[in-house]
Amino acid sequence: MQIRALLRTTTFRLSALYGLIFALGLVALLGLVYLRSAVYLTRRVDGILAIEAAALVRSPPSEVAQRIDEALSLDGQKNNVFALFSPAGAPLAGNLAAVPQALTPGGPPVEIGPTPSFAAPARLIARRLSSGEVLVVGRDVNQLQEIRGIIASALIWSGGAVILVGLACGVALSLRPLRRLQTLQAACGEIADGDLTRRLPTSGNHDELDMLAATVNYTMGEVERLMGEVKGATDTIAHDLRTPLTRARAQLHRLQQAPSVSPAEIARVTAELDTVLERFRALMRISELEARERRGGFAPTELARLLADVADLYQPLAEANGVNFQLEDAAETIVEADAKLLFEAVSNLVDNAIKFAGEDGRVTLRLSRERAQIVVEDDGPGIPEAEKAAVLQRFYRSRRDRITPGAGLGLSIVAAIVRLHRFELELADAQPGLRAVIDCRPVSVKY
């Protein structure tokens, strides 16, 4: 319950954060639109005032007052301000009683509120004539302020509506991921309770959650496999090691009771103990490989040369057992691998093939250049289809194996090396015999 509450809180906080970012971005955008619109309208008014003032400044000083009166007489709506003041500030003509304190000749335009002589807010500009008199030109900005208000109101209401709709859509869109997260959390709870066969569900959308689920499922598959192998290995150790240890104990007991000890009896006890130690060394080897501690040895590896070295090593053994062992010529193929480990894996496959091919048998080692595959094929008894997955488990020995010496760990070591390289191992029917294929093309997690 605490995890679920934390999940909901985290999702709510993320949704709130994204909503806040969206709202702030929208407010900034609308504010920019308002500022640009207001500045544009104000500059248009200032441009008109500058043109009218420039026309009056170019007039002869003696005619400025007359022209101001003519302009005012033509202004039926009383929207314009025209005024002329003496150098001392006394009004000479126009509809403005005094020069506002904030207004300076040649300075920037200013806005003033209603005055006794002009009953509306106005935007004014002042220019000094060659005679020293001050010309003031202005315009009623009631309409400008109303337009500003309309723009601001429209932006506020539309912005508020967009924010509310955006937040509502954000919440609605977050519900489905939240439900998926809750489903994933429930599946994780079942896994934590011990159900290692449980997998995280995917939606098929190939989104981030599907990628996470696929990665976790791949990891859980590896954990399930390792746990199964540990359990199987434990059971097999208890069964397979009991026999040699019991025989060794019985022989030691007889030696203890005997008046004298012969070297042959000591050799038999030593052989039993060596068998046990050999199995434990193989187990430690598999554990080392599965611990992923050997990836530092990876380098470009020539497969053709590696197979030639394996063939040179096992040709004498094959001849001694009467097996026809052949290495087919292969073109150079280079893969990223640990050469020593890959050599060990191929050697185990060749050793098994020679062992089970028997006298007058045939073993072939070849390299498929097109697909970078190492193939070891024999014409022995093969492996039944139902046992092909089981033989890769530790200590598993099929019926055919029980007539030959071994601990049942060779193919487990091969499988561990192949997994370390992210290669693939396939055991197929050679009709007759077994075909073991190591596909040296790395595989990745499939989403």
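The values are calculated or read from the model by the stated rules, or taken from the named source; none is laboratory data. Since the model is a prediction, treat every value here as computed from it, not as a measurement. Cβ sites come from the backbone with ideal geometry, for glycine too, and all protein chains shown count toward neighbours. Note: areas computed on protein heavy atoms with side chains; ligands, DNA, RNA excluded. Shrake-Rupley method; radii C 1.70, N 1.55, O 1.52, S 1.80 Å.
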Work out the FRET efficiency for N205 and L35 from their Cβ-Cβ distance, taking R0 = 35 Å, and round it to the nearest 0.05. 0.25
Whenever you get a sec, line up D360, D429, D46 from highest to lowest accessible area (probe 1.4 Å, protein heavy atoms). D360, D429, D46
Taking N as the number of residues in region 84-155, what is its Cα Rg relative to 2.2 N^0.38 Å? 1.26
Mean accessible surface per residue for region 16-162, computed with a 1.4 Å probe while every protein chain stays in place, in Å²: 57
For K355, give me every one of the aspartates and glutamates with a C-alpha distance below 15 angstrom, ignoring sequence neighbours fewer than eight places off in its own chain. E319, E377, D378, D379, D401
Quick one: what are the phi-derived ³J(HN,Hα) couplings along region 51-60, Karplus 6.51/-1.76/1.60 with θ = phi - 60°, whole Hz, x for glycine and proline? 5, 5, 5, 5, 5, 6, 5, 6, 6, x
Return the FRET efficiency for the residue pair M227, F298: r is the Cβ-Cβ distance, R0 is 45 Å, and the value is rounded to the nearest 0.05. 0.95
If amide H atoms are modeled at 1.01 Å from N in the peptide plane, then the residues at a separation of 5 or more from V81, or on another chain, having amide H under 5 Å from its own are G138, R139, D140
What trypsin sites (Lys or Arg not before Pro) does region 76-144 have in DSSP loop regions with at most 12 other beta carbons within 10 Å? K78
Distance between region 170-218 and region 84-98 - C-alpha centres, whole angstrom: 81
Just to check I understand the Karplus step: with θ = phi - 60° and J = 6.51 cos²θ - 1.76 cosθ + 1.60, what whole-Hz values come out for region 169-176, glycine and proline as x? 5, x, 5, 5, 6, 7, 5, 5
Stretchable slack from R247 to I147, in nm (0.36 nm times residue separation minus alpha-carbon distance): 25.5 nm
Whenever you get a sec, line up S347, S73 from highest to lowest accessible area (probe 1.4 Å, protein heavy atoms). S73, S347
